[in-house]
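Worksheet: one structure, shown below.
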Amino acid sequence: MTRLPTFIRPFLAAILVATTTTFSFAADLGPWKKHVVTEQGHCNTAIAIDVSGDGLLDVIASANGTVSLFIAPGWEQEIVLHRFDGRGACIHSAPIDADGDGDLDWAGTLANAHPFWLENPGPATATQGPWTARPIDNQITGIHCLLRSDIDNDGRDDLVINNFEPEKGLGDSMAWFSRPANPKTATSWVRHVFADGDARGGSHYMGAGDIDGDGWKEIAVGAKGKPFADGNWFAFWKHPGGEQLDGAWEKVVLAENQTAATNILPADVNGDGKVDWVASRGHGMGVLWFENPSWKIHDIDIEIEFPHSLTVADFDQDGDSDVATCGYGSERVMWYENDGLGNFAQHTVDTGQQSYDLRSVDMDGDGDADLLNAGRGSNNVVWYENPLK
(Lines give C-alpha, C1' and ligand atoms only; values in the text may rest on other atoms or scores of the structure.)
Protein backbone atom coordinates (compact mmCIF):
# COMPACT_ATOMS: atom_id res chain seq x y z
CA MET A 1 0.00 0.00 0.00
CA THR A 2 1.31 3.46 -0.91
CA ARG A 3 1.97 5.61 2.14
CA LEU A 4 1.48 9.38 2.11
CA PRO A 5 4.61 11.45 2.70
CA THR A 6 4.93 12.54 6.30
CA PHE A 7 4.72 16.27 5.52
CA ILE A 8 1.30 15.83 3.81
CA ARG A 9 -0.43 14.01 6.66
CA PRO A 10 -1.05 17.08 8.93
CA PHE A 11 -2.60 19.00 6.01
CA LEU A 12 -4.90 16.08 5.15
CA ALA A 13 -5.97 15.75 8.76
CA ALA A 14 -6.80 19.44 8.88
CA ILE A 15 -8.93 19.14 5.73
CA LEU A 16 -10.81 16.14 7.16
CA VAL A 17 -11.56 18.01 10.37
CA ALA A 18 -12.70 21.09 8.45
CA THR A 19 -15.12 19.08 6.29
CA THR A 20 -16.57 16.98 9.11
CA THR A 21 -20.04 18.15 10.20
CA THR A 22 -20.64 18.20 13.95
CA PHE A 23 -23.91 18.97 15.68
CA SER A 24 -23.75 20.94 18.90
CA PHE A 25 -26.71 20.87 21.25
CA ALA A 26 -26.99 22.45 24.66
CA ALA A 27 -28.24 20.50 27.64
CA ASP A 28 -32.02 20.35 28.07
CA LEU A 29 -33.39 23.48 29.73
CA GLY A 30 -34.83 21.37 32.53
CA PRO A 31 -38.41 20.89 33.74
CA TRP A 32 -41.05 23.33 32.56
CA LYS A 33 -43.45 24.29 35.35
CA LYS A 34 -47.08 23.63 34.46
CA HIS A 35 -49.66 26.28 35.39
CA VAL A 36 -53.36 25.39 35.11
CA VAL A 37 -55.61 28.20 33.86
CA THR A 38 -58.85 26.19 33.73
CA GLU A 39 -60.13 22.63 33.70
CA GLN A 40 -63.65 23.20 32.43
CA GLY A 41 -63.84 20.89 29.44
CA HIS A 42 -62.77 20.32 25.85
CA CYS A 43 -60.96 23.44 24.60
CA ASN A 44 -59.63 23.97 21.08
CA THR A 45 -58.27 27.50 21.25
CA ALA A 46 -56.73 29.91 23.74
CA ILE A 47 -54.89 33.22 23.33
CA ALA A 48 -53.16 35.60 25.74
CA ILE A 49 -53.58 39.40 25.90
CA ASP A 50 -53.48 41.97 28.70
CA VAL A 51 -57.16 42.84 28.96
CA SER A 52 -57.19 44.54 32.35
CA GLY A 53 -54.19 46.80 31.65
CA ASP A 54 -52.24 45.66 34.71
CA GLY A 55 -49.25 44.38 32.74
CA LEU A 56 -50.20 40.72 33.22
CA LEU A 57 -51.31 38.49 30.35
CA ASP A 58 -54.86 37.23 30.69
CA VAL A 59 -56.20 34.25 28.75
CA ILE A 60 -59.24 34.08 26.48
CA ALA A 61 -60.42 30.54 25.74
CA SER A 62 -63.47 28.94 24.16
CA ALA A 63 -65.05 25.86 25.74
CA ASN A 64 -68.53 24.53 26.51
CA GLY A 65 -70.17 26.82 23.98
CA THR A 66 -68.83 30.03 25.48
CA VAL A 67 -65.86 32.36 25.20
CA SER A 68 -64.35 33.11 28.60
CA LEU A 69 -61.78 35.54 29.91
CA PHE A 70 -59.49 34.21 32.65
CA ILE A 71 -57.95 37.10 34.55
CA ALA A 72 -54.34 36.80 35.72
CA PRO A 73 -52.88 36.03 38.16
CA GLY A 74 -55.65 34.05 39.85
CA TRP A 75 -57.50 33.13 36.62
CA GLU A 76 -60.91 34.33 37.76
CA GLN A 77 -63.41 33.61 34.99
CA GLU A 78 -65.60 36.14 33.21
CA ILE A 79 -67.79 34.95 30.31
CA VAL A 80 -67.44 37.44 27.45
CA LEU A 81 -69.68 35.54 25.02
CA HIS A 82 -72.45 33.08 25.82
CA ARG A 83 -73.46 30.46 23.27
CA PHE A 84 -73.02 31.84 19.76
CA ASP A 85 -76.22 30.89 17.90
CA GLY A 86 -76.14 27.63 19.86
CA ARG A 87 -73.36 26.24 17.69
CA GLY A 88 -70.93 25.33 20.45
CA ALA A 89 -67.36 26.37 21.12
CA CYS A 90 -65.02 28.13 18.72
CA ILE A 91 -62.38 26.04 17.00
CA HIS A 92 -59.80 28.81 16.29
CA SER A 93 -59.12 32.32 17.52
CA ALA A 94 -56.70 35.22 17.11
CA PRO A 95 -55.97 38.51 18.91
CA ILE A 96 -56.32 41.54 16.65
CA ASP A 97 -57.03 45.24 16.99
CA ALA A 98 -60.17 44.93 14.88
CA ASP A 99 -61.50 48.44 15.43
CA GLY A 100 -58.21 50.35 15.49
CA ASP A 101 -58.69 51.78 18.99
CA GLY A 102 -55.33 50.59 20.30
CA ASP A 103 -56.38 47.55 22.33
CA LEU A 104 -56.56 43.95 21.19
CA ASP A 105 -59.93 42.45 20.38
CA TRP A 106 -60.69 38.76 19.83
CA ALA A 107 -61.57 37.05 16.54
CA GLY A 108 -63.03 33.55 16.47
CA THR A 109 -64.33 30.90 14.12
CA LEU A 110 -66.79 28.04 14.33
CA ALA A 111 -66.33 24.69 12.63
CA ASN A 112 -69.60 24.95 10.72
CA ALA A 113 -70.53 28.64 10.72
CA HIS A 114 -69.06 32.09 10.01
CA PRO A 115 -66.19 34.08 11.59
CA PHE A 116 -66.83 36.96 13.98
CA TRP A 117 -64.99 39.25 16.38
CA LEU A 118 -65.60 40.40 19.93
CA GLU A 119 -65.03 44.06 20.76
CA ASN A 120 -62.75 44.64 23.74
CA PRO A 121 -64.49 47.47 25.64
CA GLY A 122 -61.24 48.58 27.26
CA PRO A 123 -59.63 48.00 30.66
CA ALA A 124 -62.29 49.84 32.64
CA THR A 125 -65.07 47.37 31.75
CA ALA A 126 -63.43 44.46 29.89
CA THR A 127 -63.57 42.19 32.94
CA GLN A 128 -67.17 42.98 33.81
CA GLY A 129 -69.35 41.09 31.41
CA PRO A 130 -70.10 40.20 27.78
CA TRP A 131 -68.28 41.77 24.85
CA THR A 132 -70.15 42.82 21.71
CA ALA A 133 -69.99 40.28 18.85
CA ARG A 134 -69.61 41.64 15.31
CA PRO A 135 -69.40 39.86 11.92
CA ILE A 136 -66.27 39.36 9.81
CA ASP A 137 -67.89 37.58 6.86
CA ASN A 138 -71.23 35.87 6.36
CA GLN A 139 -70.28 33.67 3.42
CA ILE A 140 -67.06 31.85 4.23
CA THR A 141 -68.07 28.76 6.21
CA GLY A 142 -66.75 25.80 8.13
CA ILE A 143 -63.47 27.34 9.20
CA HIS A 144 -60.41 25.34 10.28
CA CYS A 145 -57.90 28.17 10.25
CA LEU A 146 -57.70 31.78 11.36
CA LEU A 147 -54.41 33.65 10.96
CA ARG A 148 -53.54 37.25 11.86
CA SER A 149 -50.96 38.83 9.56
CA ASP A 150 -50.38 42.05 7.60
CA ILE A 151 -50.90 40.83 4.03
CA ASP A 152 -51.09 44.16 2.16
CA ASN A 153 -48.17 45.84 3.99
CA ASP A 154 -50.27 48.77 5.20
CA GLY A 155 -49.14 48.41 8.81
CA ARG A 156 -52.48 46.97 9.97
CA ASP A 157 -53.09 43.30 10.67
CA ASP A 158 -55.47 41.42 8.39
CA LEU A 159 -57.14 38.03 8.89
CA VAL A 160 -56.56 34.97 6.70
CA ILE A 161 -59.40 32.43 6.76
CA ASN A 162 -60.09 29.17 4.95
CA ASN A 163 -63.34 27.53 3.81
CA PHE A 164 -62.99 23.98 5.07
CA GLU A 165 -66.25 22.53 3.75
CA PRO A 166 -66.29 22.12 -0.07
CA GLU A 167 -70.07 22.21 -0.38
CA LYS A 168 -70.67 25.37 1.65
CA GLY A 169 -69.70 29.02 1.46
CA LEU A 170 -66.56 29.64 -0.63
CA GLY A 171 -65.95 25.97 -1.35
CA ASP A 172 -62.30 24.84 -1.79
CA SER A 173 -61.10 28.42 -1.32
CA MET A 174 -59.23 30.69 1.09
CA ALA A 175 -59.32 34.44 1.53
CA TRP A 176 -57.66 37.26 3.42
CA PHE A 177 -59.77 40.00 4.94
CA SER A 178 -58.77 43.62 5.42
CA ARG A 179 -60.40 45.84 8.01
CA PRO A 180 -63.37 47.84 6.70
CA ALA A 181 -63.62 51.61 7.11
CA ASN A 182 -66.18 51.25 9.92
CA PRO A 183 -65.63 47.82 11.51
CA LYS A 184 -68.21 48.38 14.25
CA THR A 185 -71.05 48.86 11.75
CA ALA A 186 -69.85 46.92 8.69
CA THR A 187 -71.70 43.72 7.83
CA SER A 188 -68.48 42.22 6.43
CA TRP A 189 -64.77 42.86 6.26
CA VAL A 190 -63.24 43.37 2.81
CA ARG A 191 -62.77 39.93 1.29
CA HIS A 192 -59.83 39.04 -1.01
CA VAL A 193 -59.96 35.46 -2.35
CA PHE A 194 -56.39 34.38 -3.10
CA ALA A 195 -56.92 30.59 -3.33
CA ASP A 196 -59.89 30.40 -5.66
CA GLY A 197 -61.14 26.82 -5.82
CA ASP A 198 -57.66 25.23 -5.60
CA ALA A 199 -57.52 24.49 -1.85
CA ARG A 200 -59.64 21.36 -1.78
CA GLY A 201 -58.91 18.57 0.65
CA GLY A 202 -59.60 19.89 4.12
CA SER A 203 -57.27 22.90 4.21
CA HIS A 204 -56.20 23.37 7.80
CA TYR A 205 -53.65 25.63 9.50
CA MET A 206 -51.93 28.49 7.69
CA GLY A 207 -48.63 30.29 7.90
CA ALA A 208 -47.58 33.57 6.27
CA GLY A 209 -43.99 34.56 5.49
CA ASP A 210 -41.86 36.23 2.83
CA ILE A 211 -40.40 33.15 1.16
CA ASP A 212 -38.85 34.75 -1.93
CA GLY A 213 -37.51 37.92 -0.30
CA ASP A 214 -39.60 40.37 -2.33
CA GLY A 215 -41.10 42.04 0.73
CA TRP A 216 -44.54 40.41 0.42
CA LYS A 217 -45.81 37.44 2.40
CA GLU A 218 -46.73 34.13 0.86
CA ILE A 219 -49.51 32.10 2.52
CA ALA A 220 -49.11 28.36 3.11
CA VAL A 221 -51.50 25.66 4.25
CA GLY A 222 -51.69 21.94 4.88
CA ALA A 223 -54.65 19.88 3.65
CA LYS A 224 -55.41 16.85 5.77
CA GLY A 225 -57.64 14.86 3.42
CA LYS A 226 -59.96 12.59 5.41
CA PRO A 227 -62.97 12.82 5.49
CA PHE A 228 -62.40 14.24 2.01
CA ALA A 229 -61.22 11.94 -0.77
CA ASP A 230 -58.35 14.24 -1.71
CA GLY A 231 -55.88 16.33 0.25
CA ASN A 232 -52.71 15.19 2.07
CA TRP A 233 -50.53 17.98 0.68
CA PHE A 234 -48.63 21.10 1.70
CA ALA A 235 -48.59 24.15 -0.58
CA PHE A 236 -48.17 27.92 -0.56
CA TRP A 237 -49.66 30.70 -2.67
CA LYS A 238 -47.22 33.28 -4.03
CA HIS A 239 -48.09 36.88 -3.22
CA PRO A 240 -48.37 38.87 -6.48
CA GLY A 241 -46.95 41.98 -4.77
CA GLY A 242 -47.59 45.64 -5.43
CA GLU A 243 -51.14 46.89 -5.53
CA GLN A 244 -52.61 43.61 -6.75
CA LEU A 245 -54.82 43.07 -3.72
CA ASP A 246 -57.48 41.02 -5.47
CA GLY A 247 -57.49 37.99 -7.72
CA ALA A 248 -56.11 34.47 -7.45
CA TRP A 249 -52.48 33.88 -6.50
CA GLU A 250 -50.17 31.25 -7.99
CA LYS A 251 -50.23 27.96 -6.06
CA VAL A 252 -46.89 26.20 -5.41
CA VAL A 253 -47.13 22.61 -4.17
CA LEU A 254 -44.45 21.77 -1.62
CA ALA A 255 -45.22 18.07 -1.28
CA GLU A 256 -47.99 15.56 -1.91
CA ASN A 257 -48.73 12.23 -0.21
CA GLN A 258 -48.35 13.90 3.19
CA THR A 259 -50.95 11.95 5.12
CA ALA A 260 -53.12 14.18 7.31
CA ALA A 261 -51.10 17.37 6.69
CA THR A 262 -52.15 20.32 8.85
CA ASN A 263 -49.81 23.00 10.23
CA ILE A 264 -47.17 25.02 8.42
CA LEU A 265 -45.18 28.03 9.67
CA PRO A 266 -42.33 30.16 8.25
CA ALA A 267 -38.84 30.16 9.82
CA ASP A 268 -35.21 30.31 8.73
CA VAL A 269 -34.40 26.86 10.07
CA ASN A 270 -30.82 26.36 8.87
CA GLY A 271 -29.54 29.92 9.23
CA ASP A 272 -28.86 30.53 5.53
CA GLY A 273 -30.95 33.70 5.35
CA LYS A 274 -33.81 32.04 3.45
CA VAL A 275 -37.22 31.49 5.00
CA ASP A 276 -38.14 27.80 5.14
CA TRP A 277 -41.41 26.12 6.19
CA VAL A 278 -41.88 24.09 9.40
CA ALA A 279 -44.83 21.71 9.25
CA SER A 280 -46.70 18.89 10.98
CA ARG A 281 -49.04 16.11 10.00
CA GLY A 282 -51.46 16.93 12.76
CA HIS A 283 -53.99 14.20 12.03
CA GLY A 284 -51.23 11.71 11.29
CA MET A 285 -47.62 11.43 12.40
CA GLY A 286 -44.53 13.59 12.26
CA VAL A 287 -43.00 17.06 12.42
CA LEU A 288 -40.80 18.20 9.52
CA TRP A 289 -39.36 21.18 7.68
CA PHE A 290 -39.06 22.16 4.02
CA GLU A 291 -35.73 23.65 2.93
CA ASN A 292 -35.91 26.75 0.73
CA PRO A 293 -35.58 26.75 -2.31
CA SER A 294 -35.51 23.02 -3.17
CA TRP A 295 -38.28 22.25 -0.63
CA LYS A 296 -36.42 19.11 0.42
CA ILE A 297 -38.11 17.49 3.43
CA HIS A 298 -36.15 17.11 6.65
CA ASP A 299 -37.69 15.15 9.52
CA ILE A 300 -37.75 16.61 13.03
CA ASP A 301 -39.80 13.88 14.76
CA ILE A 302 -41.17 10.90 12.83
CA GLU A 303 -42.87 9.18 15.77
CA ILE A 304 -45.10 11.77 17.43
CA GLU A 305 -48.77 11.02 16.79
CA PHE A 306 -51.34 13.70 15.93
CA PRO A 307 -49.12 16.80 16.39
CA HIS A 308 -52.11 19.04 15.78
CA SER A 309 -50.49 22.12 17.31
CA LEU A 310 -47.28 23.79 16.18
CA THR A 311 -45.28 26.84 17.17
CA VAL A 312 -41.83 28.24 16.39
CA ALA A 313 -39.69 30.34 18.76
CA ASP A 314 -36.14 30.62 20.08
CA PHE A 315 -36.86 28.81 23.35
CA ASP A 316 -33.22 28.56 24.47
CA GLN A 317 -32.30 32.05 23.22
CA ASP A 318 -29.29 30.89 21.22
CA GLY A 319 -30.27 32.81 18.10
CA ASP A 320 -32.03 30.15 16.02
CA SER A 321 -35.59 28.90 15.50
CA ASP A 322 -36.71 26.02 17.71
CA VAL A 323 -40.01 24.18 17.35
CA ALA A 324 -42.69 22.93 19.76
CA THR A 325 -45.77 20.76 19.42
CA CYS A 326 -48.09 18.48 21.34
CA GLY A 327 -49.16 15.16 19.90
CA TYR A 328 -52.66 14.54 21.16
CA GLY A 329 -52.31 10.87 20.21
CA SER A 330 -48.95 10.54 21.94
CA GLU A 331 -50.10 12.88 24.74
CA ARG A 332 -46.64 14.49 24.80
CA VAL A 333 -45.73 18.18 24.74
CA MET A 334 -42.35 18.49 23.01
CA TRP A 335 -39.84 21.18 22.15
CA TYR A 336 -37.19 20.56 19.53
CA GLU A 337 -33.83 22.26 19.98
CA ASN A 338 -32.28 23.52 16.76
CA ASP A 339 -28.48 23.47 16.47
CA GLY A 340 -28.70 26.37 14.02
CA LEU A 341 -28.22 24.15 10.98
CA GLY A 342 -31.64 22.50 10.97
CA ASN A 343 -30.80 19.46 13.11
CA PHE A 344 -33.02 18.97 16.14
CA ALA A 345 -32.72 17.39 19.58
CA GLN A 346 -35.97 16.27 21.21
CA HIS A 347 -36.99 17.42 24.70
CA THR A 348 -40.17 16.47 26.56
CA VAL A 349 -42.05 19.29 28.28
CA ASP A 350 -44.99 17.27 29.63
CA THR A 351 -46.80 13.94 29.29
CA GLY A 352 -50.43 12.99 29.75
CA GLN A 353 -51.46 16.23 28.03
CA GLN A 354 -53.34 16.82 24.80
CA SER A 355 -53.46 19.89 22.59
CA TYR A 356 -55.32 21.46 19.71
CA ASP A 357 -53.64 24.85 19.80
CA LEU A 358 -50.16 25.67 21.17
CA ARG A 359 -48.67 29.17 21.21
CA SER A 360 -45.29 30.58 22.18
CA VAL A 361 -45.78 33.68 24.32
CA ASP A 362 -43.96 35.27 27.24
CA MET A 363 -46.66 34.60 29.82
CA ASP A 364 -44.70 35.77 32.88
CA GLY A 365 -42.87 38.71 31.33
CA ASP A 366 -39.38 37.44 32.07
CA GLY A 367 -38.15 37.76 28.49
CA ASP A 368 -38.31 34.17 27.26
CA ALA A 369 -40.91 32.21 25.29
CA ASP A 370 -43.33 30.13 27.34
CA LEU A 371 -46.03 27.81 25.94
CA LEU A 372 -49.79 28.37 26.16
CA ASN A 373 -51.76 25.21 25.43
CA ALA A 374 -55.46 24.67 24.66
CA GLY A 375 -55.86 21.14 25.96
CA ARG A 376 -58.45 19.56 23.70
CA GLY A 377 -59.38 16.13 25.13
CA SER A 378 -57.42 16.69 28.34
CA ASN A 379 -60.13 19.27 29.08
CA ASN A 380 -57.91 22.11 30.22
CA VAL A 381 -55.96 25.22 29.36
CA VAL A 382 -52.44 25.31 30.76
CA TRP A 383 -49.24 27.24 30.28
CA TYR A 384 -45.70 25.98 30.66
CA GLU A 385 -43.06 28.21 32.21
CA ASN A 386 -39.80 28.21 30.28
CA PRO A 387 -37.06 27.24 32.79
CA LEU A 388 -34.43 29.35 31.00
CA LYS A 389 -32.71 31.61 33.51
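The values are calculated or read from the model by the stated rules, or taken from the named source; none is laboratory data. This is a predicted model, so every value here is computed, not measured. Ideal geometry is used to build each Cβ from the backbone, glycine not excepted, and the neighbour counts take in all protein chains shown. With ligands, DNA and RNA removed, areas are computed over all heavy atoms of the protein, side chains included. Shrake-Rupley method; radii C 1.70, N 1.55, O 1.52, S 1.80 Å.
Things to note:
- With θ taken as phi - 60° and the Karplus curve 6.51 cos²θ - 1.76 cosθ + 1.60 applied, the whole-hertz 3J(HN,Hα) list for the stretch 122-129 is x, x, 5, 10, 5, 9, 10, x Hz, x standing for glycine and proline.
- You can think of it this way: the chain between residue 314 and residue 127 has 64.1 nm of extra reach, that is 0.36 nm per residue less the Cα-Cα gap.
- Within the stretch 25-49: backbone nitrogen closer than 14 Å to the residue 75 label point (7 Å, Cα to C-beta): 33-43, 46-48
- Per residue, the accessible area of the chain comes to 41 Å² when a 1.4 Å probe rolls over the protein heavy atoms.
- Gain on full extension, evaluated as 0.36 nm per residue between residue 385 and residue 33 minus their Cα-Cα distance, stands at 126.2 nm.
- Relative contact order (%) - criterion: Cα under 8 Å, at least six apart; region: the chain: 13 percent
- Electrostatic tally near residue 186: other residues with Cβ closer than 12 Å to its Cβ, Lys and Arg +1, Asp and Glu -1, net +2.
- Stokes-Einstein diffusion of the stretch 319-389 at 25 °C, 0.890 mPa s viscosity, Kirkwood radius from Cα pairs, rounded to a whole number: 195 µm²/s.
- Between helix 9-18 and the chain: long-axis angle, C-alpha atoms, 0 to 90°, nearest 10: 10 degrees
- The stretch 189-274 shape via C-alpha gyration tensor axes, a/c threshold 1.5: oblate
- FRET efficiency for residue 64 and residue 238, using Cβ-Cβ distance with R0 set to 56 Å, rounded to 0.05: 0.85
- The count of lysine pairs in the chain with alpha-carbon distances below 15 Å, taking only pairs 8 or more places apart or on different chains, stands at 6.
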